[in-house]
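To start, the structure itself, in structure tokens.
Since every read-out is calculated from the coordinates, none of them should be taken as a lab result. What you are looking at is a predicted structure, and each value in this text was computed from that prediction instead of being measured. Counting neighbours? That spans all protein chains shown, and the Cβs are built from the backbone with ideal geometry, glycine included.
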Amino acid sequence: MIFRRALLRELTANAIYVFVVLVAILLTQFLIKLIGAASSGSLPSDGLIPLVGFRLISQLPPLIVIAMFVAILLTLSRAWRDSEMAIWMSCGQSLLAWVRPVLTFALPMLIIAMVLSTALSPWAERRSIEYRRVLEARDELSVLAPGLFQELRKTRQVYFVESVNLIEGVIKNVFVFADDPHGAWTVRARQGFLLPDTRGDRYVILEDGNRVRQLNADPATREYELASFERYGIRMTGNEVTDTSFEERAKDTLTLLREGSPSGLGQVFYRVSVPLAGLALALLAIPLAYVNPRLGRSVNLIIAILLLMISLNVMNIMQAQIDREKIGWISALVIFHLSLAALVAAVFYYRFRGAVAFHRGDAAADPPPAAAP
């Protein structure tokens, strides 16, 4: 009991350390990507933290599985290096005796990963998409802030308003530039106001101004059209919160099963396979933790990481085959996880029978040295 508690305490500490490192790496990648989007103007800077949080939640299941696998590997490798395994086996125990304490540590984490993968991760993806839409809509609606050059990304228009009269709803000294594929144009007006129509679209109605439009997209021609107007309307498109359908990764698992589309069933396969593969990886870490002093301490870790990467790549390949309707998602589940189970059994057999039992059996079979006369 004391040994099992010490083992669980060490496994938990290693898992926390590995998980924190993985989260830090992932957060750095997300922040670099989102900061680049914010610097280019495609994302408001105040939306970085919520989007990073939603993205992190969606990536928690594989992070938990990887942290669990590496923690078991590091803990048992230390036991081999410190000769604790030799003491364990000299007491008549085998590698199979490690299965129970390892599963005691791994199963709660895998249950959490299953809940996150099938329920919370799709919710986080939906919230991330919805939040992006709200940010885009809010950004478009605040385009007429006074004293600022503001770009409408979807219409490729730039607005500048000198002042806004909130009581009368009138904007003063308006400047609009549009990068139209058929020729750029510029509008300047003395004043204007916002006008929503019956369909929910918003227009900027400009009064007492003029417009300069380039007649040809080729700047070498230098042909322009100058027009004056008493009233001119510009449609501000993309200023509503869209309600289009979500991507497959943002839909909940039950909805994907009801729809039955190939890409949706591929998502279901991936969500279920991540925690189930974690069970096989937890067992696989027991024999892979063996340390041979002649080969160095990092060889087993390299082999284990390679097997982890191969497993994740094979999972992605199976998901792609489901998307192409070349295999059913249930058949893919059975084939993939039976293959992992066979790999675990083969590695256990090699390590338990070949590297441990055979050596012990050979030693026991050798006759004792004859006594000196």
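If neighbour count is taken as other Cβ atoms inside 10 Å, put LYS172, LYS326 in order from fewest to most. Show your work: numbers first, answer last.
On the way: LYS172 14, LYS326 11.
Ascending number of Cβ neighbours within 10 Å: LYS326, LYS172.
May I ask you to derive the FRET efficiency for ILE111 and ILE305 from their Cβ-Cβ distance with R0 = 30 Å, giving the value to the nearest 0.05? Can you show the working numbers first?
On the way: r = 25 Å, r/R0 = 0.82.
Calculated value: 0.75.
Would you list MET85, MET309 from fewest to most Cβ contacts within 10 Å? Intermediate values should be presented prior to the final figure.
Details: MET85 21, MET309 10.
The most exposed by this proxy come first: MET309, MET85.
Given the Cα-Cα distance of LEU120 and ALA13 and 0.36 nm per residue of separation, how much length would full extension add, in nm? All intermediate terms of the calculation are to be shown ahead of the outcome.
Values: separation 107, 0.36 × 107 = 38.52 nm, distance 2.50 nm.
36.0 nm is the gain from fully extending LEU120 to ALA13.
Starting from the 7 Å offset along Cα-to-Cβ, what nm value, one decimal, do you get for the label separation of LEU194 and THR104?
6.3
For the stretch 105-125, list residues with backbone N below 13 Å from a point placed 7 Å from the Cα of LEU254 toward its Cβ?
119
Listing THR75, THR104 from the residue with the fewest other Cβ atoms within 10 Å to the one with the most, what is the order?
Numbers: THR75 21, THR104 13.
Going from sparsest to densest Cβ surroundings: THR104, THR75.
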